[in-house]
Amino acid sequence: MIARCQHCSAASVWLGDFSSWTEELGSGFKVPENGEMVYPITNFGPAPSSDMPDDVKSDYLEARTIAQFSPRAACALLRLALQKLMVHLGEPGKNIDQDIRSLAKKELLSPKFIRLMDTLRLFGNDSVHPGEIREEDIGENIDKMFLVLNKIVEGAITDQKMFDELYLMTSENKRASAEAKDLKSRESKVSGDK
């Protein structure tokens, strides 16, 4: 069936059971029950974070265009985007699990972000390899995987950039003094660990 938007008059093409109709999200717009809009292709999930690196964003945007047709493929692309993000976080980007463990050891990100990375990595792995996460679970949670990658970028890049900018607004002499105290504290911790 072809439908016409009441707001912009653009056409959309729907496949589905046309014997009954339902109201979409209380908008007053009626769609076929069990219907699926096949044209125009709509982007799935939120827009990428403004600080997402371009090579990561490319995979993220591709995942958005295919998520409604193949959540598994979209999840695999989001995992690939995360692996590319590792390079921007100072890791080699060859083995995503090792990169995440390295970030955890460096304590540059909170354990919450490490868990988010592992969540996306595991969903992505199971989307292309048989695993413990069922296909239905991937489909039901693909929207959350977009949010997860955005949150990782915000925590690892956006927040860090803001913190660095704020820090540089403080007095250079006071920063130098604080950094010297931090260095002394780390050195005493290392000598105490021996």
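If you wrap a convex hull around the alpha carbons of segment 43-194, what volume per residue comes out, as a whole number of Å³?
For segment 43-194, the hull spanned by Cα atoms encloses 125 Å³ per residue.
Whose amide H sits under 5 Å from the amide H of ALA67, counting only residues 5 or more places off or on another chain, with H placed in the peptide plane?
Sorted by chain and number, the residues that satisfy this are PHE44.
Only Cα pairs under 8 Å and at least 6 apart count here; give the relative contact order of segment 107-189 as a rounded whole percent.
29 percent
What is the ratio of the Cα radius of gyration of segment 135-194 to 2.2 N^0.38 Å, where N is its residue count, to two decimals?
Dividing the Cα Rg of segment 135-194 by 2.2 N^0.38 Å gives 1.90.
Given a Förster distance of 30 Å, report the FRET efficiency between LYS105 and MET169 from their Cβ-Cβ distance, rounded to the nearest 0.05.
0.50
Could you pull out the GluC sites (Glu not before Pro) across segment 141-174 that fall in loop regions by DSSP (anything but H, G, I, E, B) with no more than 15 other Cβ atoms inside 10 Å?
none
When the label point is put 7 Å from the Cα of LYS161 along its Cα-to-beta-carbon vector, which residues of segment 113-155 have a backbone N closer than 12 Å?
So the set is 153-155.
Determine, for each peptide in 59-65, 156-162, the mean count of other beta carbons within 10 angstrom over its residues, then list the peptides with the highest first. Don't skip to the end; give the middle numbers.
Numbers: 59-65: 20.9, 156-162: 15.4.
Averaged packing, sorted descending, gives the order 59-65, 156-162.
Mind checking which lysines have their C-alpha under 16 Å from LYS161, skipping anything on the same chain fewer than 8 residues away?
LYS151
Take ASN141 and VAL13, extend 7 Å from each Cα along the Cα→Cβ direction, and tell me the distance between the two endpoints in nm.
3.4 nm
Give the calculated FRET efficiency between ASP54 and SER188 to the nearest 0.05, with a Förster radius of 30 Å applied to their Cβ-Cβ distance. Don't skip to the end; give the middle numbers.
Details: r = 42 Å, r/R0 = 1.41.
Once the sixth-power term is evaluated, E becomes 0.10.
How high is the FRET efficiency from LYS181 to ALA47, r the C-beta distance, R0 35 Å, rounded to 0.05?
The computed FRET efficiency comes out at 0.25.
Each value in this text was obtained by applying a stated rule to the coordinates, not by laboratory testing. In this text, all values refer to a predicted model and were calculated from it rather than measured experimentally. Note that we place each Cβ from the backbone using ideal geometry, even for glycine, and neighbour counts take in every protein chain shown.
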